[in-house]
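Notes for the one structure printed next.
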């Protein structure tokens, strides 16, 4: 069994359905299921995002948050200056997944994938193999 961490970023106020669809699509692309996920990780700016808490609660996944300074120190394959402008770090989903997984970019199973929901909001998902 592969054990993974899902890193996620999203627009403010993203619907739970959008976040759920983004994570489900990424897991399916990787050939994984919810039982393979050991944690959901994001930036501390999203600590009050209801969709993230709802997703974690439904699946029983621990939800962890990291400060932008910690995420900014993690090398990622797809940094974004737009993301840096808004959050203080060039990556949220990839960096959060790698941080919680104690991994490096070679352990990314799914690199940054953006999902636009029916609510018009975006969610970004990355999946990293847990390095214990």
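The values are calculated or read from the model by the stated rules, or taken from the named source; none is laboratory data. These figures come from a predicted structure and were not determined experimentally. Glycine also receives a Cβ, built like all others from the backbone with ideal geometry; neighbour counts cover every protein chain displayed.
Among the residues of the range 86-98, those identified as crowded, with 21+ Cβ neighbours inside 10 Å and touching a helix residue (DSSP H, G or I) at 6+ places or on another chain (Cβ under 8 Å) are 89, 90, 91, 92, 94, 95, 96, 98. Could you check, for the range 38-50, whether at least one of its residues is surrounded by fewer than 23 Cβ atoms within 10 Å (Cβ to Cβ), modelled with pLDDT of 95 or more, part of a strand (DSSP E or B) and in contact with a helix residue (DSSP H, G or I) (Cβ under 8 Å, 6 or more places away or on another chain)? Checked against the condition, which is being surrounded by fewer than 23 Cβ atoms within 10 Å (Cβ to Cβ), modelled with pLDDT of 95 or more, part of a strand (DSSP E or B) and in contact with a helix residue (DSSP H, G or I) (Cβ under 8 Å, 6 or more places away or on another chain), the range 38-50 yields at least one hit. Close Cβ contacts (under 7 Å, 6 or more residues apart or on different chains) running from residues in the range 84-97 that are farther than 11 Å from residue 72 by Cβ to residues that are at pLDDT below 95 and in a helix (DSSP H, G or I) are absent.
Can residue 78 be described as over 20 Å from residue 129 (Cα atoms), under 14 Å from the mean Cα position of the chain (by Cα) and either without any contact (Cβ under 8 Å) to a residue 24 or more places away in the chain or surrounded by fewer than 19 Cβ atoms within 10 Å (Cβ to Cβ) (or both)? Against the criterion (over 20 Å from residue 129 (Cα atoms), under 14 Å from the mean Cα position of the chain (by Cα) and either without any contact (Cβ under 8 Å) to a residue 24 or more places away in the chain or surrounded by fewer than 19 Cβ atoms within 10 Å (Cβ to Cβ) (or both)), residue 78 does not qualify. Given the structure, is residue 54 assigned to a helix (DSSP H, G or I), in contact (Cβ under 8 Å) with a residue 12 or more places away in the chain and more than 22 Å from residue 109 (Cβ to Cβ)? Against the criterion (assigned to a helix (DSSP H, G or I), in contact (Cβ under 8 Å) with a residue 12 or more places away in the chain and more than 22 Å from residue 109 (Cβ to Cβ)), residue 54 qualifies. Taking the listed residues 125, 83, the one that is crowded, with 17+ Cβ neighbours inside 10 Å and under 11 Å from the mean Cα position of the chain (by Cα) is 125, with no other qualifying.
When the range 1-15 is limited to residues that are at pLDDT 95 or above and either in a strand (DSSP E or B) or over 22 Å from residue 66 (Cβ atoms) (or both), the one that is farthest from the chain's Cα centre (by Cα) turns out to be 15. Checked against (1) within 14 Å of the chain's Cα centre (by Cα); (2) outside any strand (DSSP E or B), residue 64 meets all criteria but (2). Within the range 105-120, restricting attention to residues that are more than 15 Å from the chain's Cα centre (by Cα), surrounded by fewer than 18 Cβ atoms within 10 Å (Cβ to Cβ) and touching a residue at least 24 places away in the same chain (Cβ under 8 Å), the residue that is nearest to residue 12 (Cα to Cα) is 119.
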